[in-house]
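Asks: One structure coming up, written as structure tokens, with questions to follow.
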Amino acid sequence: MQQYSQSTFTTSNQAYGSHVQQRDYSKSEIQNKGPQNHMNSSMFKRLSQSNVFSPKNQQILQSMVQVSESPMNQSKFKNSSFILGNGLANIGQTCYMNSVLQCLFHLSGGKLMKQIEDQLQNEETFNPLHELIFLLSLTKNICENQIASYDQMCQVKDIVDTYATNFRGTAQQCAHEFFSKIRELIHDCLNRHHLTKSKIKQISNTASNPNSSPLQKAIDKWEQVNSIESSLISDYFRGQYLKIMTCKNYLCKNQTVLCDVFDDIQLHIPTLERRNSYFNIFPQSQDDKLENYLRFEFKDEQLQEVVCDKCKCKGMEIKSNLIRIPKILVLQIVRFDAQNNKKQNKIQIPSKLNISEFIYKSEVPRFKSTEYKLTGLIDHQGETLFRGHYTANILNQQDKSWYQFNDDQVQKLEQNYSSKLEIIGSESAYILFYELNQ
Ligand SMILES: [Zn+2]
């Protein structure tokens, strides 16, 4: 895997929020990334020649290339050992987009985004979505040097709107839905397989041998999915469930195996009033630990009304496990109810999360590590989905400190931020990013 190059990171020193610790970042701590940005104009030329750009977006991207290569930016800071980056201006309820972009730029210590950029540079043929990848890369390049301005972010939003059409307009949106959409678009763009629809249909319809073991069925399914679509994105985010549904008729015990792949896990939380009945399987003092919400998602389920295919008796039992785990585990705390009102449960969020108890027992020894480290989260402050404010809090892997990316502001969080999350908990944490210790 390629080493992520050191790049320019700056922060504003304006305080924001209760967690923020004011600090003035002197120039000596911050370094410019050097001449790498000149690749943008050559990339622009290649994409132009391939007719990837729509005419309107071509103009926008050209102006962004100029900003990203401006010598003024490149000479701004020197001699740093520090990776961070600048903020992104809010152009009117776009904090959901800014938070997601900052996570994308920083996850895996920047390696993911660097690999996406490398693939763009090495691509021989292009599809229209490469325009979007180029935009993301330019935006990252710009905010490495300076705060991305109002005008630049209007341009970014214009192009994002071309592809993420549900997010057009100026309304507040769900950061999790936006993250999923951007991730899906990058995945589609960088998919290693270029199969015809009929070939995809043919592979999809190949059924696993009904007599295979549950484990073999899961392996077959994994290979099937990965032979249709795999990319850098799925390398990082894809995991797989193994859910075994067993008929409760002891003379039958017929098993059905479900082994879908996933990109993130949703954690359903109760309203505060219903919390005690929801969690009667756990000691009350531990209700609010994140691990218990995960346990709730993986607990055995009794489906009294489901009819067995084989004996036609009612009643099935489901046991849910994981069979493959991703490099980056994304957990969405489902805080919004059907009316889009928010459940403000305080949840204790561990810095380290071991998920071995959720892995299919016989497979646990196969994993070198099952321990994850919290490296980012998207916070939502406010009472409903469509009103409120998102920020991204990110662990900087260079100085091991947490930073808050709040639109155009970047602030260092107080030293005990992660222990506060773990002990006191958070009412606002919405999307959690855990990275596997490898
Ligand atoms: Zn049965």
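The values are calculated or read from the model by the stated rules, or taken from the named source; none is laboratory data. Everything numeric here is computed off the predicted structure, so don't read it as measured data. Using ideal geometry, Cβ is built from the backbone for each residue, glycine included, and neighbour counts are taken over all protein chains shown.
Asks: Give me a count of the residues in the stretch 118-136 that are crowded, with 20+ Cβ neighbours inside 10 Å and farther than 15 Å from residue 187 by Cβ.
Replies: Number of matching residues: 3.
Asks: Given (1) closer than 28 Å to residue 163 by Cα; (2) out of contact with any Phe, Trp or Tyr (no Cβ under 8 Å at 6 or more places or on another chain), where does residue 246 come up short, assuming only one miss?
Replies: Failed condition: (1).
Asks: Hey, another quick one. Looking at residue 431 and the list (1) of a type in the set (A, V, I, L, M); (2) at pLDDT below 95; (3) within 26 Å of residue 240 (Cα to Cα), which single condition is not satisfied?
Replies: With (1) of a type in the set (A, V, I, L, M); (2) at pLDDT below 95; (3) within 26 Å of residue 240 (Cα to Cα) applied to residue 431, the lone miss is (2).
Asks: Which residue pairs have Cβ atoms under 7 Å apart, sit 6 or more places apart or on different chains, and have a first residue in the stretch 38-59 that is touching a residue at least 24 places away in the same chain (Cβ under 8 Å) and a second that is part of a loop (DSSP other than H, G, I, E, B) and of a type in the set (D, E, K, R)?
Replies: 38/69; 40/69; 41/69
Asks: Given the conditions (1) crowded, with 17+ Cβ neighbours inside 10 Å; (2) of a type in the set (Ser, Thr, Tyr); (3) over 23 Å from residue 423 (Cα atoms), report the number of the one that residue 362 does not fulfil.
Replies: Tallying (1) crowded, with 17+ Cβ neighbours inside 10 Å; (2) of a type in the set (Ser, Thr, Tyr); (3) over 23 Å from residue 423 (Cα atoms), residue 362 fails exactly one: (1).
Asks: Got at least one residue in the stretch 393-407 being of a type in the set (Lys, Arg) and more than 17 Å from residue 289 (Cα to Cα)?
Replies: yes
Asks: State all residues of the stretch 228-260 that are touching a residue at least 40 places away in the same chain (Cβ under 8 Å) and under 16 Å from residue 188 (Cα atoms); if no residue qualifies, say none.
Replies: 229, 231, 232, 233, 234, 235, 236, 237, 238
Asks: Separate question: Any chance you could count how many residues in the stretch 216-241 are within 20 Å of residue 123 (Cα to Cα) and either of a type in the set (D, E, K, R) or in contact with a Gly (Cβ under 8 Å, 6 or more places away or on another chain) (or both)?
Replies: Final tally of qualifying residues: 2.
Asks: Then there's this: Looking only at residues that are acidic (Asp, Glu) and in a strand (DSSP E or B) in the stretch 365-401, which one is surrounded by the most Cβ atoms within 10 Å (Cβ to Cβ)?
Replies: 379
Asks: Do the conditions hold for residue 200, that is, is it of a type in the set (A, V, I, L, M) and buried (at least 20 other Cβ atoms within 10 Å of the Cβ)?
Replies: Criteria not met by residue 200.
Asks: Provide a single number: the residues in the stretch 291-350 that are touching a residue at least 60 places away in the same chain (Cβ under 8 Å), assigned to a loop (DSSP other than H, G, I, E, B) and away from the ligand (no atom under 16 Å from the Cβ).
Replies: Here the count works out to 11.
Asks: Turning to a different aspect of this structure: Output the residues belonging to the stretch 402-429 that are in contact with a Lys or Arg (Cβ under 6 Å, 6 or more places away or on another chain) and not in a loop (DSSP other than H, G, I, E, B).
Replies: 403, 412
Asks: Can I ask one more? Does the stretch 53-61 contain any residue that is part of a loop (DSSP other than H, G, I, E, B), surrounded by 13 or more Cβ atoms within 10 Å (Cβ to Cβ) and at pLDDT 85 or above?
Replies: Looking for residues that are part of a loop (DSSP other than H, G, I, E, B), surrounded by 13 or more Cβ atoms within 10 Å (Cβ to Cβ) and at pLDDT 85 or above, one finds at least one in the stretch 53-61, hence yes.
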